[in-house]
Each structure stands twice: as structure tokens, then as C-alpha cells.
1. Identify all residues within the range 174-222 that are among the hydroxyl-bearing types (S, T, Y), modelled with pLDDT of 95 or more and in a helix (DSSP H, G or I); write none if there are none.
2. Basic (K, R), at pLDDT below 60 and not in a loop (DSSP other than H, G, I, E, B), is that true of K5?
3. What are the pairs, 6+ residues apart or on separate chains, where a residue within the range 249-273 that is under 25 Å from N147 (Cα atoms) has its Cβ under 6 Å from a residue that is hydroxyl-bearing (S, T, Y)?
4. Which ones in the range 168-186 are surrounded by fewer than 20 Cβ atoms within 10 Å (Cβ to Cβ), of a type outside the set (A, V, I, L, M, F, W, C) and under 17 Å from Y251 (Cβ atoms)?
5. Using beta carbons and a limit of 8 Å, which pairs, at least six apart or on different chains, have the first residue in the range 363-374 and touching a residue at least 12 places away in the same chain (Cβ under 8 Å) and the second one among the acidic types (D, E)?
6. Got at least one residue in the range 274-294 being of a type in the set (S, T, N, Q), in a loop (DSSP other than H, G, I, E, B) and either at pLDDT 90 or above or under 30 Å from I227 (Cα atoms) (or both)?
7. Output the number of the condition that Y195 fails; it satisfies all remaining conditions of (1) under 22 Å from the mean Cα position of the chain (by Cα); (2) surrounded by fewer than 19 Cβ atoms within 10 Å (Cβ to Cβ).
8. Confirm whether S231 is more than 21 Å from N368 (Cα to Cα), over 20 Å from the mean Cα position of the chain (by Cα), surrounded by 14 or more Cβ atoms within 10 Å (Cβ to Cβ) and at pLDDT below 95.
Amino acid sequence: MKINKQIGKASLLFTISSCFVLGGIPFGNAKSLPDPKVMTEGFTSTVPSDIPGGLQATTAEKVKFAWQEFVALNWPAQIQLGNASGYNRGVADSTVSPGSKNRLAVWQTFKHRSEALPYNFSTTPAGISPINRLPEFDSAVTYSYKNQPTPGTPSSKFNLFTNLDESVEVGNVQMFYRANKQPILYEAKLNQKVYNYIRSNGLQDTAIKNKQTKKTAVYLSENKPLIPAGSAEYVSYPSGSIEVKATWRMYDPNIDTGKEAQYLMSEGVYYANGVYLNAKFMLLGLHIIHKTPTVPTFVFTTFEHITNSDKSFQSINDLTGLSPTYPNQKGIRNVIRQYAIPSEIEELNTYFQKQLKSQFGSDVFLANYRVTGVQVKSTNAPGVDGVTAQEYFLANLATESDCNLQVFSGGQNFKTDLPLPDNKNLYAPDSQGNYQQKTAGGCNGCHGSAQKDGAEFSFVLLGGPFEFANINPYPPEGTFQVQDQNCSGLPGITTNPH
């Protein structure tokens with residue numbers, strides 16, 4: 001069997017038993033890949049509109065889609081000095097290549113969650129329509145919170161695109177970088193498709209949003225046909241909607257000098273004691289959720305920096321009243337990846353990393369990231385319909401680090417931080433196109449909790465308007481016992497084939 005592999009204008013024929021080659025770079029033995037549908041063209045600044053194979057996509061098709069999406073979203077954004085923001089927000093500059101200095105990536109210019117659901121637009125004055133009341137997508141960067149912060153220094157800037165207003169993972173878990181005990185911080189952003197949907201339906205108004213999400217949740221529970229994408233009657237984002245969640249750590253010259261070119265770096269806003277401050281940050285992980293025509297329940301992809309390891313992070317949870325069957329949660333835990341990245345995905349990562357270096361140069365920083373996994377199917381358990389445990393429980397080591405998030409399934413009890421593996425948390429279309437509930441896991445299942453509440457897999461829409469979160473200092477020595485993470489007592493882990 002032969003594969004026609006086209007790179008630019010060149011066409012090479014391969015047999016499955018031969019090595020893949022890109023720019024003279026060999027890529028393993030094709031026999032090691034069950035489905036070697038790898039890249040047939042160079043990376044571009046265009047985000048793929050759909051995933052080949054849809055819900056039946058192979059691992060190779062999923063990883064290829066993920067890398068194409070990741071590279072396109074990390075392409076330098078188009079500068080437009082005539083716009084208040086200084087950029088054509090969300091638009092790539094195809095005249096330059098990834099890695100261009102002093103340029104924000106496309107996704108960095110997306111609207112921040114507090115721009116899409118700002119506090120000062122959460123109610124609408126009488127006599128004013130909430131429809132299209134938000135500024136247009138290309139507007140200047142502004143952040144609005146109920147308790148607006150003040151500048152921490154006379155030079156502190158509040159109009160930076162990187163706004164790290166989240167200081168804990170889902171629930172109550174604080175994260176720190178082990179090497180210097182600095183906090184891990186987060187931000188969520190959304191593209192123009194999502195922002196315009198919120199804007200054109202007035203969903204930044206809390207009363208309107210609550211009415212629409214409640215109505216949508218009822219519709220979903222009645223096992224009716226799939227809501228059309230872009231519906232104004234119910235909450236359903238249009239195809240092409242993308243949200244991202246980025247995980248960052250503060251640059252530390254004591255341990256990071258000389259490493260700057262290996263990361264996506266950004267000046268950003270963070271918060272401490274009610275004031276805003278600025279610092280330089282390094283990207284550790286990036287979640288991308290993308291609604292496509294063939295996957296209306298979103299394609300979930302997650303990337304990590306290649307240096308993320310079991311020696312990188314510590315999680316701290318000070319919740320009390322935990323179950324005696326789960327004794328190892330409270331305290332400081334050295335984070336350990338519960339499900340290894342599959343070898344097939346790692347081989348594909350190596351291939352695409354080499355392709356990036358061949359196309360853009362050996363020092364392109366994007367080659368220092370890797371796909372952790374991709375979810376397209378919603379299933380009730382691992383092992384169903386070909387979904388492995390690693391895919392079912394998909395988690396990013398820097399972003400979903402505590403045990404509950406690494407083995408998330410069904411739901412979460414926020415009083416105990418324990419998962420609820422029997423909780424049905426997501427609606428996915430069945431073979432007839434009608435909604436059926438699932439007990440999904442990982443990123444898909446977690447975001448399904450927002451969908452179940454009528455907010456279209458979006459914690460941004462569900463949670464706004466937002467408050468900024470102050471950074472948490474590392475606890476004084478002796479406050480908590482430090483142990484390696486042990487998730488063996490979690491519900492389902494010892495009783496189900498996870």
C-alpha cells in the first residue's frame with residue numbers, strides 16, 4: 001500500500017513499511033503507527049475548520065488536527081495600529097512566521113473572559129437594549145470586576161492582553177512550581193465567534209443569560225433533537241467557536257535565564273492583596289476547545305511544555321472533611337501524572353516537532369510543546385467505543401493536577417473535592433440526533449457540567465461576571481505534610497477498569 005505524501009510541490013511515495021521523511025528528517029517506522037495519516041502539507045496560519053473523520057477520527061487524525069490548530073493559534077497576530085487594541089484581534093499575520101519577536105500570538109489577542117462578561121455590563125439600564133451593547137471584538141483591552149483593583153505601582157499596566165485572574169484550579173486547589181515555590185496562574189479567552197454570539201444575544205446581561213441557560217438546560221434534559229449551531233432560541237455556539245485556557249508561571253531569572261527562547265513568553269497582569277501588578281510569564285500549558293460541524297460537543301485538545309514532568313508541580317488543598325477512603329488529598333502533594341501520554345501520540349509529537357523545525361528553523365519555540373491528548377467522543381466509561389483510559393480522563397499536568405481532576409468522571413463534590421463518577425454530566429447526540437446523557441470524563445466531562453447547566457460547554461459563559469483572584473503565597477514550612485500524590489483511594493479507581 002502506498003501513501004501519497006506531498007510537501008509543498010514535492011511528492012514522495014512511501015510504503016507503510018518505510019520511514020516517514022520530512023525535509024530529510026526520518027520519522028520512525030510506519031509499522032509502529034496503526035494509522036499513519038500524518039502531515040501532507042506545511043503548517044499554515046489557518047485554523048482547521050473541522051477534524052477529518054469527525055467522531056470516528058483516528059489518533060493520527062486527532063493529533064494532526066491538534067497540531068495544525070495549535071500552530072495556527074500561536075501564529076503572530078496581525079498588527080493594526082488603527083485599532084484601539086493595536087491588533088486585528090484574532091487575525092494571523094501570514095506574512096511572518098511563528099516565533100517572530102515582540103508579537104502576540106493570535107489566541108492571546110482573543111477576548112479575555114472578563115471582556116466578554118464584564119461586571120459593568122452584567123446589568124442593562126432601562127431603555128437600553130442589551131443586544132450588541134458590548135464593544136466590538138477589535139476594541140481596546142479593558143477589564144471590569146465587581147471590586148475593581150487598583151495599581152500596585154505607579155507604572156503598573158492594566159491593559160495587557162495576558163490577564164492572569166485565576167489562581168486556583170477547578171475547585172480549591174492551589175498550584176506551585178516546585179523549583180521556586182512560585183504560584184501557577186491561569187486565564188481564559190474566547191475567539192470572535194464566541195464573543196459575537198454573546199454580544200448579539202445580550203448574554204453579558206446576567207438576567208438574560210440565566211433565563212437562556214435555564215431554558216436550554218430544560219430542553220437538553222428532554223432528549224430532543226440537537227440544537228442548531230448558532231441558535232438564538234437556545235444557547236448553542238456557532239461552529240468555529242473556540243475557547244482557550246492558558247496556564248502560566250512567573251519568569252524567574254534565578255532558574256530561567258537562557259531559557260526564554262524555549263517558551264511562549266508574555267508580559268502579564270497578576271493580582272496580589274487587591275492590587276494589579278505586572279511581570280513576565282512563561283506558558284506551561286494550553287487547553288483548546290473547538291466546536292466543529294462534525295463534533296458539536298467540541299474537540300478538546302491540550303498541550304504542555306515538554307519540560308512538564310512529575311518533578312514540576314505541587315498542589316495544595318486545605319479542604320477539611322474529606323472521605324476516609326481518600327486520605328491523601330489534604331496537604332501538599334508532589335504532582336504525578338496518572339495516565340502516561342500514549343506512545344503513539346508521543347511518536348506523532350516527535351514527527352510534528354521535527355516538521356516545525358524543518359519549516360521554521362531549529363529554534364522555533366512551538367517545537368518545545370507537545371500534545372497531551374485529544375478528545376472527540378463522549379462515552380460513559382473508558383474502554384467504550386475505543387476510548388482509552390488516558391483519553392477518557394484527559395488532563396493537562398499543569399492545569400488539572402490534583403487527583404480529582406486527573407481522574408475526573410461524572411461530577412465533583414466541591415465540599416469534599418471528591419469526584420462523583422456515577423453523575424450524568426453531559427448531553428451528546430445519539431445515532432438519531434437526539435440528546436442522550438453521558439457520564440463523561442476528563443476535559444470533555446468537566447466542561448459537560450457547564451453544558452448540562454445550559455451554558456454550552458463554557459465555564460466562561462456559566463461563570464461570568466468574574467472576580468479577579470489574588471495570588472496565594474506558598475505555605476510556611478511545616479503547615480502541611482508533603483507527600484507524593486496518591487490517587488488510589490478515589491471513587492471508581494479501585495472498582496472500575498480505569
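The values are calculated or read from the model by the stated rules, or taken from the named source; none is laboratory data. Small disclaimer: the values here were computed from a predicted structure and weren't measured. Virtual Cβ from ideal backbone geometry, glycine too; neighbours counted across all protein chains shown.
1. Result: Y195, Y197, S200, T206, T213, T216, Y219.
2. yes
3. These pairs meet every condition: R249/Y177; G268/T162; V269/Y276.
4. Once the filter is applied, which keeps residues that are surrounded by fewer than 20 Cβ atoms within 10 Å (Cβ to Cβ), of a type outside the set (A, V, I, L, M, F, W, C) and under 17 Å from Y251 (Cβ atoms), the range 168-186 yields R178, N180, K181, Q182.
5. Pairs that qualify, where the first residue is touching a residue at least 12 places away in the same chain (Cβ under 8 Å) and the partner is among the acidic types (D, E), are Y369/E304; R370/E304; R370/E346; T372/E304; G373/E391; V374/E391.
6. The answer is yes; a qualifying residue exists.
7. Of the numbered conditions (1) under 22 Å from the mean Cα position of the chain (by Cα); (2) surrounded by fewer than 19 Cβ atoms within 10 Å (Cβ to Cβ), the odd one out for Y195 is (2).
8. no
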